[in-house]
Amino acid sequence: MTRYPFPGNVRELRSLLERALVLAAGPELDLDVLAGSAAGSTVPADDSFRVEGPPLDMEELQRRYARHVLEQLGGKRMEAARALGISYPTFLKRIGSDEESG
């Protein structure tokens with residue numbers, strides 16, 4: 001990590017760590033996952049989160065990202081909430097309207 005230039009700011013560092021935590025297979029953060037996240041690839045991975053179309057309000061963007069994380073973690077809601085750094089009840093509220101509509 002010390003060799004990565006972090007051209008952005010603290011938010012970029014936080015995003016890097018969040019992505020590494022989501023991709024980590026076990027309860028600990030493996031340095032290989034972190035190194036892969038810091039590689040700075042401009043080609044999005046097949047499992048990357050993308051939003052296309054018109055801009056979304058923040059609530060809808062958060063809902064979609066929460067669903068994406070849930071999918072990446074194989075439907076494990078508690079793990080998804082932990083990966084997002086939010087409480088389980090907050091996570092359920094965030095994804096709630098998507099579940100009701102389909």
Q: Give just the number: which of (1) surrounded by fewer than 17 Cβ atoms within 10 Å (Cβ to Cβ); (2) under 22 Å from Leu17 (Cβ atoms) does Gly96 not satisfy?
A: (2)
Q) Considering Gly36, Gly75, Gly85, which residue is within 14 Å of Leu21 (Cα to Cα), surrounded by fewer than 16 Cβ atoms within 10 Å (Cβ to Cβ) and modelled with pLDDT of 90 or more? A) Gly85
Q | Residues satisfying the stated conditions in the stretch 48-84, i.e. among the small types (Gly, Ala, Ser) and without any contact (Cβ under 8 Å) to a residue 24 or more places away in the chain | A | Ser48, Gly53, Gly74, Gly75, Ala80, Ala81
Q) Which of the residues spanning the stretch 57-78 are assigned to a loop (DSSP other than H, G, I, E, B) and of a type in the set (A, V, I, L, M, F, W, C)? A) Leu73
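The values are calculated or read from the model by the stated rules, or taken from the named source; none is laboratory data. As the structure is a computational prediction, the values presented were derived from the model and not from experiment. Glycine gets a Cβ as well: all are built from the backbone with ideal geometry, and neighbour counts include every protein chain shown.
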